[in-house]
1. In sequence order, what are the phi-derived ³J(HN,Hα) couplings for the stretch 21-34 according to the Karplus relation 6.51 cos²θ - 1.76 cosθ + 1.60 with θ = phi - 60°, rounded to whole Hz, with x for glycine and proline?
2. With a 10 Å radius around each residue's Cβ, average the other Cβ atoms per peptide and rank 129-140, 53-64, highest first.
3. Using the scaling law 2.2 N^0.38 Å as the reference, what is the normalised Cα Rg of the stretch 18-71?
4. Beyond 21 Å, what share of the Cα-Cα pairs of the chain is found? Please give it as a whole percent.
5. Distance between the C-alpha centers of the stretch 57-71 and the stretch 91-148? Whole Å please.
6. Quickly rank 78-84, 6-12 as a protection proxy: mean count of other C-beta atoms within 10 Å, highest first.
7. Can you give the extra length, in nm with one decimal, that the chain gains between residue 146 and residue 64 once fully stretched, where that is 0.36 nm per residue apart less the Cα-Cα distance?
8. Ordered by residue, what ³J(HN,Hα) values in Hz, to whole numbers, does the stretch 125-137 give under the Karplus form 6.51 cos²θ - 1.76 cosθ + 1.60, where θ = phi - 60° and Gly and Pro are x?
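Since every read-out is calculated from the coordinates, none of them should be taken as a lab result. Values in this document were obtained by computation on a predicted structure and should not be read as measured data. Here Cβ is always computed from backbone atoms with ideal geometry, including for glycine, and neighbour counts include all displayed protein chains.
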Amino acid sequence: MSDSAHFWEQKSLAEMSHEEWESLCDGCGKCCLHKLMDEDDDTVYYTEVACKQLDITQCRCNDYPNRKTLVPDCVELRIEDIDQFVWLPKTCAYRLVKEGKPLPEWHHLITGDPKSIHKARQSIKGRAISEHVVYQEDLEYHIINWVE
């Protein structure tokens, strides 16, 4: 890819088309993991527990267009909320572009391969469980440390 094709280096998140915005998602599934926040210091702790709508083998929402209807507290990444992106993993393209940092070498926009994220072990594939098998009050027992 030539540098001119790297729209994420040429535009801010606010300047991106809907298609460009959506293409930034690397398909890691980390944003669909349940998170706990420490009320004292706002530290975000990721759990291995994924939203019930997430296909944990493909790292994709089972019904992305209707996710807010099916899961009302689903967090939708919108440009209006850009300042709240601090909870996203440090490897997330939305966060990286916001912070003026380059995309990781395994990102599909760099490699041209949508499976490169799984090959680099940067996704939740094979590492998460569905919320169907976990009691909500037990989330703290499922905190993980492999999300950056």
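1. 4, 5, 5, 5, 4, 8, x, 6, x, 5, 5, 8, 7, 5
2. Details: 129-140: 11.8, 53-64: 15.4.
Final packing ranking: 53-64, 129-140.
3. Details: Rg = 13.1 Å, N = 54, 2.2 N^0.38 = 10.0 Å.
Scaled against compact globular proteins, the figure is 1.30.
4. On the way: 4988 of 10878 pairs.
Percent of Cα pairs beyond 21 Å in the chain: 46.
5. 16 Å
6. On the way: 78-84: 10.6, 6-12: 14.6.
Sorting 78-84, 6-12 by mean packing, highest first, produces 6-12, 78-84.
7. Numbers: separation 82, 0.36 × 82 = 29.52 nm, distance 2.53 nm.
Here the answer is 27.0 nm.
8. Each residue of the stretch 125-137 in turn: 3, x, 10, 10, 10, 7, 5, 4, 10, 10, 6, 3, 6 Hz.
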